Structure formats: C-alpha cells, structure tokens
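Everything below concerns the one structure shown next.
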Amino acid sequence: MAGPELPMLKTWVRFPSPAPVSAAVGLAIGLVFSAEAAFAQLPGMEEEKPNCLVSEFRALALSSIEIKRAEAAKSWILTTGKDCSLDRLLILRNNRNQWLGHADSAELAGEIDKLIELAAKDSPELVKGLYTSPEPPKPPAPAQ
C-alpha cells in the first residue's frame with residue numbers, strides 16, 4: 001500500500017545579479033589604470049633604466065652568505081643603484097630588510113635614501129615625504 005503522494009517542493013536558489021560583479025571588475029580596472037597614470041607623472045618614474053634589475057639585487061641578497069651579504073649589497077647599490085629609476089629604488093628600500101636580514105644596516109639604508117633623493121630632486125614633496133610623518137587626521141566636528 002502506497003502512502004499519499006507528497007507535493008513536490010520547489011527550491012529557489014538566488015544568485016547575485018551580475019551587475020555588482022561587473023561594476024566591481026570595472027572599478028578594479030579603472031583603479032589600475034588611474035594608479036598607472038598617477039605613477040607615470042611622478043619624477044624619476046617615467047623613464048625605464050635597463051641596467052637596474054631588482055631581481056638581480058634580490059638574488060644577490062638571498063644567495064650570499066650572511067658574512068658577505070652586506071658587502072655584496074653595498075657594492076651593488078654603489079655600482080648599479082645609480083641606474084635605477086625611482087620606482088625601483090622604492091622597491092629596494094621597501095624590501096631591503098626582508099632580503100638582507102641581519103646584514104641590513106643604517107649605512108645601506110642611507111645609500112638607498114640618497115639615490116631616492118637624487119632621483120626625486122624635482123619633487124620636493126616626495127623628498128619631504130621620505131623624512132616626515134603624515135599629518136594626523138583632523139578630529140571629527142562636535143555633534144550639535
């Protein structure tokens with residue numbers, strides 16, 4: 001004996017509208033192009049200097065034994081660093097601690113900062129930003 005037939009339940013799955021996804025993709029693409037345009041306007045970043053390979057410095061730093069790492073890094077900075085564009089010098093500055101470890105020094109940081117200052121000599125605001133903290137945000141207005 002068969003029991004009563006159960007009604008068929010319909011399950012609705014709600015998928016997000018493609019509009020927000022395409023808007024997010026469009027926004028991301030727009031941000032990439034606007035960032036690229038902003039960086040192209042900074043002094044020292046518009047020209048590509050072929051003799052400065054960040055990968056070369058990174059490989060040198062990561063493959064040298066610690067005793068010789070500081071000497072090799074300083075030698076590379078003094079000989080090749082002058083050929084680096086501003087964006088590549090900033091990459092070196094931002095990663096030097098991670099790549100050099102204990103071999104990193106204030107002397108090496110000073111050499112890289114000097115090269116950054118020379119590359120950014122036409123932009124006093126950029127040089128000022130190297131050595132000053134940004135202004136703190138203003139407190140919110142009191143509620144009335």
(request) Output the pairs from Lys74/Lys128; Lys68/Lys121; Lys68/Lys128 with a Cα-Cα distance over 29 Å in this structure; if there are none, say none. (result) Lys68/Lys121; Lys68/Lys128
(request) Report Rg(Cα)/(2.2 N^0.38 Å) for region 58-143, keeping two decimals. (result) 1.38
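With a 1.4 Å probe and all protein chains left in place, how much of the accessible area of region 70-134 comes from carbon and sulfur atoms, in whole percent?
On region 70-134, the fraction of accessible area on carbon and sulfur atoms equals 51 percent.
The values are calculated or read from the model by the stated rules, or taken from the named source; none is laboratory data. The model shown is predicted, which means the values in this text are computed figures rather than measured ones. Just so you know, the surface numbers come from the protein's heavy atoms only, side chains and all, with ligands and any DNA or RNA stripped out. Shrake-Rupley method; radii C 1.70, N 1.55, O 1.52, S 1.80 Å.
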